[in-house]
1. Once fully extended, how much extra length lies between ARG44 and GLN69, figured as 0.36 nm per residue of separation less the alpha-carbon to alpha-carbon distance?
2. List the residues, sorted by chain then number, that are 5 or more residues from ALA42 or on another chain and whose placed amide H is less than 5 Å from its amide H.
Amino acid sequence: MLAIANQVLLTEVEAAAAISCSLSALQKSRSKKSTKIDDGLAPRFIKDKGAIRYLLSDLEEFVSNLMQQDMAANDNELDMADTAAVIDDVEAAVKKPAEDDVFDWSTLI
């Protein structure tokens, strides 16, 4: 672990441990073909003379963003469950007429 201008820099191994992810997953997220960093699915990194380093503050921000996304997804799932419950309640309240409840039009003639 290094410190530069009050910023803590972590190695790949330290960063992977800090965010509970495998080293290989962290390495794959940095590939040129990957858009995970731009999509917020991987933390930003610094390349310093061939060595990869991660700012602790970037890792903390990354984890915080993932938690917010997870909470938003859970809220959406709850909203969907609430909507389904309301639909069930409405369907139960609006009963379909039974066959014997059908209006007999012959009585009008």
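1. Numbers: separation 25, 0.36 × 25 = 9.00 nm, distance 1.74 nm.
Additional length available on full extension: 7.3 nm.
2. Result for ALA42 returns ILE37.
Computed from the coordinates by the stated procedures, all read-outs in this text should not be read as laboratory data. From a predicted model like this one, the values you see are computed outputs, not experimental measurements.
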